[in-house]
Amino acid sequence: MDIPSFLRRSLYISIASAIFAEQALADTPQPPVKIGVVSVTVPTSSISDSTPISIPTGPNTGYTIKGSALPILGGPGQSNPYLALQMLPSVVAQNPSPYGMTNLVGGTKGIRIRGESNPHGAIGTVEGLPLFGIDPGPGSLFLFDLENVSHISVYAGAIPPSKISIFTTQGVLDEHLLWPQKNFGGVLSQTFGSTDFYRSFLRIDSGTLPTDTRVFASFSYTHGGNWQGPGATPAYRYNAETGISQ
C-alpha cells in the first residue's frame with residue numbers, strides 16, 4: 001500500500017466518523033430550556049390625564065379611552081362610544097356603516113367582550129346612570145356627541161355592585177361627560193366624506209362666570225347616505241346639548 005492511498009483512506013474514515021457523530025448528537029434528546037417568570041409593572045403615578053389609553057386602578061380589569069384617542073378611534077361620526085373601544089384587547093366593536101352611525105336592531109350595534117356579546121347592544125352607563133332599556137335598546141349609544149365626552153371606561157370580569165347597569169355579563173361601558181370648562185372657549189369642526197357624509201359640530205364654553213357658574217352649549221348636524229343601498233344613515237341627525245356646573 002503506497003502512502004497516498006493510505007492517506008486517502010484515513011481521510012475518508014475521518015469524514016465518515018464525523019458525520020456519524022453529528023447524527024448521533026442530533027438524535028440525542030436535549031433538556032428543555034427554562035425561562036424565568038417575566039413581570040411587567042406600571043406604577044400608578046405614571047398614568048395621567050394625558051395618557052390616551054390607561055388601565056383603571058382597583059379590582060376591575062379594563063381600560064379607559066380619553067384624550068387624543070377619542071377623536072381617532074371614535075370615527076368620523078363621533079357618536080358611537082363602542083367604536084372608541086375597537087382597538088382594545090378582547091374587545092370587538094363593529095358597525096355596518098363606515099362612519100359608525102348606523103343604528104340597527106340587534107347585535108350589529110353592540111359589542112363583544114371576551115367572547116360574550118349582547119344582542120341588544122345596550123351595555124353601559126353615562127356618569128354611572130343607565131339611560132336605556134331592553135327596548136328600544138341603544139339608548140345612550142347615539143345620545144351624546146363624543147366631543148362632549150371626556151373619557152370612556154370599559155370594565156370586564158367581575159363587575160362590582162357599584163357599577164349599575166342592566167346588562168353586566170359582557171362588561172360595563174361608562175361614559176363621562178366633558179363638563180363646562182374653567183376658561184372661555186369653543187370648538188368648531190367640519191367633516192366631509194364619501195357616500196354623502198356631512199357633519200358639523202360647534203361647542204362654546206362660557207368659562208367661570210362671576211356667580212361661579214359654568215355653562216356649555218353644543219350643536220351638531222350629521223348626515224350620511226346608506227352605502228348598502230338607498231336611503232340615509234343617519235338621516236339629518238340634529239343634536240343639541242347643554243351643561244351647567246355650579
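Scanning the range 195-246 for residues that are acidic (Asp, Glu) and under 29 Å from the mean Cα position of the chain (by Cα) yields Asp196, Asp205, Glu241. Of everything listed in (1) modelled with pLDDT under 70; (2) of a type in the set (S, T, N, Q); (3) in a loop (DSSP other than H, G, I, E, B), the single unmet condition for Ser39 is (1).
Test Leu25 against the stated conditions and say whether it is open to solvent by 60 Å² or more (accessible area, probe 1.4 Å), outside any loop (DSSP other than H, G, I, E, B), among the aliphatic types (A, V, I, L, M) and at pLDDT below 65.
Values: open to solvent by 60 Å² or more (accessible area, probe 1.4 Å): yes; outside any loop (DSSP other than H, G, I, E, B): yes; among the aliphatic types (A, V, I, L, M): yes; at pLDDT below 65: yes.
Yes, satisfied.
Filter the range 92-121 for residues that are open to solvent by 60 Å² or more (accessible area, probe 1.4 Å) and hydrophobic (A, V, I, L, M, F, W, C); which is modelled with the highest pLDDT? Of everything passing the filter in the range 92-121, Val92 is modelled with the highest pLDDT. Among the candidates Ser153, Ser220, Ser245, which residue alone is at pLDDT 80 or above, surrounded by fewer than 17 Cβ atoms within 10 Å (Cβ to Cβ) and of a type in the set (S, T, N, Q)? Criteria check complete, one pass: Ser245. Being surrounded by 13 or more Cβ atoms within 10 Å (Cβ to Cβ), within 23 Å of Leu85 (Cα to Cα) and at pLDDT 90 or above, is that true of even one residue in the range 199-212? Yes, the conditions are met somewhere in the range 199-212.
Taking Asp196 and the conditions (1) over 26 Å from Leu129 (Cα atoms); (2) open to solvent by less than 80 Å² (accessible area, probe 1.4 Å), which numbered condition does it fall short on, given that it satisfies the others? Every condition holds for Asp196 apart from (2). Here Pro89, Pro81 are screened, and the one residue that is over 24 Å from Ser220 (Cβ atoms) and either surrounded by 14 or more Cβ atoms within 10 Å (Cβ to Cβ) or at pLDDT 80 or above (or both) is Pro89. Entry remark, the range 175-193: residues being buried (at least 19 other Cβ atoms within 10 Å of the Cβ) and in contact with a Lys or Arg (Cβ under 7 Å, 6 or more places away or on another chain) number 1 in total. In the range 232-246, the residues that are free of Cβ contacts under 8 Å to residues at least 24 places away in the same chain form Cβ pairs under 7 Å with partners that are surrounded by fewer than 15 Cβ atoms within 10 Å (Cβ to Cβ), at six or more places apart or across chains, as follows: Tyr238/Tyr221.
The values are calculated or read from the model by the stated rules, or taken from the named source; none is laboratory data. None of these values were measured; they are calculated from a predicted model. Quick reminder, even Gly has a Cβ in these numbers, built from the backbone with ideal geometry, and neighbours come from all protein chains shown. We work out accessible area using only protein heavy atoms, side chains counted, and drop any ligands, DNA or RNA first. Shrake-Rupley method; radii C 1.70, N 1.55, O 1.52, S 1.80 Å.
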